[in-house]
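Heads up, the thing below is written out as structure tokens.
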Amino acid sequence: MMFNRAKLMLRRIQKLFIIKNRLEAFAIIYALALGGAERGKHYLDIWPGYQGRLLFAAAMVSVFMAGAKILDALTYERAAVSRSQKYN
């Protein structure tokens, strides 16, 4: 009995970390962008000049790449679900 309750609780917690729609994806990307901009600002304070600007750009580009990957994964997952429903 106790094992089943723990397993059910873990499934509920696991569902919290699944991105279900584009709105949630954009909220996560926004949070990543805020963190990347803050890190870039910190880089500009530590390394003035072109080095800081280059690191700032690298921090922002990594956010763009992560955002694109999140949106692509969401699109691919949605397509896989529709294909599996089509054949069942």
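Computed from the coordinates by the stated procedures, all read-outs in this text should not be read as laboratory data. If you're wondering where the values come from, they're calculated on a predicted model, not measured in any experiment. A quick note on method: Cβ atoms are made from the backbone with ideal geometry, for glycine too, and the neighbour counts reach across all protein chains shown.
Looking at VAL63, VAL81, just one residue is part of a helix (DSSP H, G or I), hydrophobic (A, V, I, L, M, F, W, C) and in contact with a Gly (Cβ under 6 Å, 6 or more places away or on another chain), and that residue is VAL63. Restricting attention to the range 6-27, the residues being over 20 Å from LYS69 (Cβ atoms) and aliphatic (A, V, I, L, M) number 6.
Given the criteria surrounded by 10 or more Cβ atoms within 10 Å (Cβ to Cβ), in contact with a Gly (Cβ under 7 Å, 6 or more places away or on another chain) and among the hydrophobic types (A, V, I, L, M, F, W, C), does LEU54 qualify? Steps first, answer last, please.
Details: surrounded by 10 or more Cβ atoms within 10 Å (Cβ to Cβ): yes; in contact with a Gly (Cβ under 7 Å, 6 or more places away or on another chain): no; among the hydrophobic types (A, V, I, L, M, F, W, C): yes.
Considered against the rule, which asks whether it is surrounded by 10 or more Cβ atoms within 10 Å (Cβ to Cβ), in contact with a Gly (Cβ under 7 Å, 6 or more places away or on another chain) and among the hydrophobic types (A, V, I, L, M, F, W, C), LEU54 comes out as no.
Note on the range 23-38: among residues that are among the hydrophobic types (A, V, I, L, M, F, W, C) and more than 29 Å from ALA80 (Cβ to Cβ), the one that is surrounded by the most Cβ atoms within 10 Å (Cβ to Cβ) is ALA37.
Here is a list: LYS41, LYS69, LYS20. Which entry is surrounded by 10 or more Cβ atoms within 10 Å (Cβ to Cβ) and within 11 Å of the chain's Cα centre (by Cα)? Break it down stepwise before answering.
Details: LYS41 fails: within 11 Å of the chain's Cα centre (by Cα); LYS20 fails: within 11 Å of the chain's Cα centre (by Cα).
Result of the check over LYS41, LYS69, LYS20: LYS69.
Within the range 1-35, the set of residues being part of a helix (DSSP H, G or I), of a type in the set (A, V, I, L, M) and within 30 Å of PHE56 (Cα to Cα) comprises LEU23, ALA25, ALA27, ILE28, ILE29, ALA31, LEU32, ALA33, LEU34. The C-beta contact set for the range 28-45 (first residue closer than 14 Å to ALA66 by Cβ, second residue assigned to a helix (DSSP H, G or I), distance under 6 angstrom, 6+ apart or interchain) comprises ILE29/GLY67; LEU32/VAL63; LEU32/ALA66; ALA33/VAL63; GLY36/ALA59; GLY36/MET60; GLY36/VAL63; ARG39/ALA59.
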